[in-house]
1. Just to make sure I understand: if all protein chains stay in place, what is the order of Lys185, Lys474 by accessible area at 1.4 Å, largest first?
2. Which entries of Lys75/Lys128; Lys248/Lys379; Lys216/Lys260; Lys134/Lys455; Lys181/Lys468 have Cα-Cα distances beyond 23 Å here?
3. Kindly report the accessible area of the chain per residue (heavy atoms of protein chains, probe 1.4 Å, no ligands, DNA or RNA), in Å².
4. Carbon and sulfur together cover what percent of the accessible area of the chain at a 1.4 Å probe radius?
5. Over 20 Å between Cα atoms, which of Lys301/Lys342; Lys60/Lys439; Lys370/Lys417 qualify?
6. Determine Rg/Rh for region 274-378; Rg is computed over alpha-carbon atoms and Rh is the Kirkwood hydrodynamic estimate from the same atoms.
7. To the nearest Å, what is the center-to-center distance of region 431-475 and region 50-115, using C-alpha atoms only?
8. Taking the Cβ-Cβ separation of Val323 and Thr56 as r and a Förster radius of 56 Å, what is the calculated FRET efficiency to the nearest 0.05?
Amino acid sequence: MGSGASTDVANAIAGKTPEEIAAALKELPASQLAMIKEACVEKKPCPGPVDCSSITVVAKDYKGMLDQPSAPKFKGALAQIYVRSQPYGGSDKSNNGHRYDSIPIVNGMINAGMSCQLIHYTHEEHDKFFALCKNFDFIIVRCNPGQIKADGGDQNKFDDGMRAMRKMGKQVWPSPDVMEKMGAKDALCKVATMNIGLEDTLAYYTPEEFAAGFKKTMAFQPRVIKQNRGSSGEGIWIIKLKAENYCKTYGERSCEDSEKLVLMEANDNHEEEHTVAEFIEFCVSGRTSKSGEWTSKGVGKYLEGGKEAGGQLVDQRFCPRIVEGELRYNLIGDALIGVIHKKPKEGGISAVGGTGSIYTFYGPEEPLFKSLTENFLKKDLPHVMPSLDLAEEPLPLWWTTDFINASPPGTKAEDEKWIVGEFNCSCVGISKCLAAYCKDDTPNASYDGISAEDKAEAKKMGDLMGEKALAILKK
């Protein structure tokens, strides 16, 4: 509400008796009464050893949060963003303004003997926010991709602020560089020589590289082309030659512009047919007179802005056994806490949520995946961060790795080769807390709505995060 609007309200109630004001309020719809009630509630900064009153308090309360330790081993904060233009502050918020899974994470830090205070970033108070952050030893960033921009802020400016914290010696989970380099599709190229990689995984940053490289790999075998910026499978294409006239050895020939491709996009499993030239044009320039008609929800232009702006394409061998599903490894630091088998809907290839895929949940010691688990955790995991040019950064506190079976059918389980499809450390959610996020049919969802059983599971995860965080901070 602006100053003019505030003056109008003040003039409207000036000289009115309490009875007259009460009568006027009764005439208001429930939604407006709720707004008035909210505006009258005093919002207090998150309790803890650091005075957070210098920034705007967004949260209504801190329900479920444990008392902060009187003498914390380290002082931390969990940073969030409330999108003021979106219902409920964004699709990941409880009714008090916090992310739906913030409480178990904060409590995990507290149970490890550290303080952890809940704060919100507002772009109008950028300088005040980062001045406050200087008082903490660590910051856990829980701002969903796109939310800072949606609230009117600048993600790059926020990231630069967090990079400055890292230079000051503050631990940031995950730091902007970790999010960027682990989330980039060319991370698959950097782990290509590990057990979890494929040596013929290529990255393209220019139209010329893409055209020459794709024509050569496509002529050899079916491929998966992945854009860097997309989410939920948008811009990930499973591609086959319609004529299936693959050459026997790599580099024996390159595709002609006129050869027909059959493409399936992973976000919704829809199929399209285009020539090689049309596909390259769409990837480089989007919908043009040379790209043909596309039914994809995406716009192409995957190389736009160049490498510095995240413009890139990754070219990876298609693994036919993707139809059997992929494995998602959920990790807290270097500890595996569970495996999810995501099987695509019959006839589909992608197991992205919302496509009819079936999810099966397994514990971290599931015998079916013993070989992959041991190879990944013991052989490859110690080398992942250095291979991504992140040798000075610890593993994320809460992250996932998706694996695809690259072995021929009939391979013994102990001999199977599973390859990384992607890493994700960008605000991975705690699914046991989903009952706490607001949506149209549960607009008042809160921490209290999580079942006792799910709260206990979320607590285990939060406590393990606290243990891992403390061990890293002590180094």
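1. Lys474, Lys185
2. Working: Lys75/Lys128 18 Å; Lys248/Lys379 33 Å; Lys216/Lys260 15 Å; Lys134/Lys455 32 Å; Lys181/Lys468 21 Å.
Where the Cα-Cα span goes over 23 Å, the pairs concerned are Lys248/Lys379; Lys134/Lys455.
3. On the way: 22790 Å² over 475 residues.
I get 48 Å² per residue for the chain.
4. On the way: 11830 of 22790 Å².
Roughly 52 percent, rounded to a whole number.
5. Numbers: Lys301/Lys342 29 Å; Lys60/Lys439 18 Å; Lys370/Lys417 12 Å.
Lys301/Lys342, as the Cα separations exceed 20 Å there.
6. On the way: Rg = 18.5 Å, Rh = 16.9 Å.
Reported Rg/Rh, Kirkwood definition of Rh: 1.10.
7. Region 431-475 and region 50-115 have Cα centres spaced 12 Å from each other.
8. Working: r = 50 Å, r/R0 = 0.89.
Efficiency at R0 = 56 Å is approximately 0.65.
The values are calculated or read from the model by the stated rules, or taken from the named source; none is laboratory data. None of the values given here were measured: they were computed from a predicted structure. Every residue, glycine as well, gets a Cβ built from its backbone with ideal geometry; the counts of neighbours run over all protein chains shown. Calculation scope for accessible area: heavy atoms of the full protein, side chains included, ligands and nucleic acids excluded. Shrake-Rupley method; radii C 1.70, N 1.55, O 1.52, S 1.80 Å.
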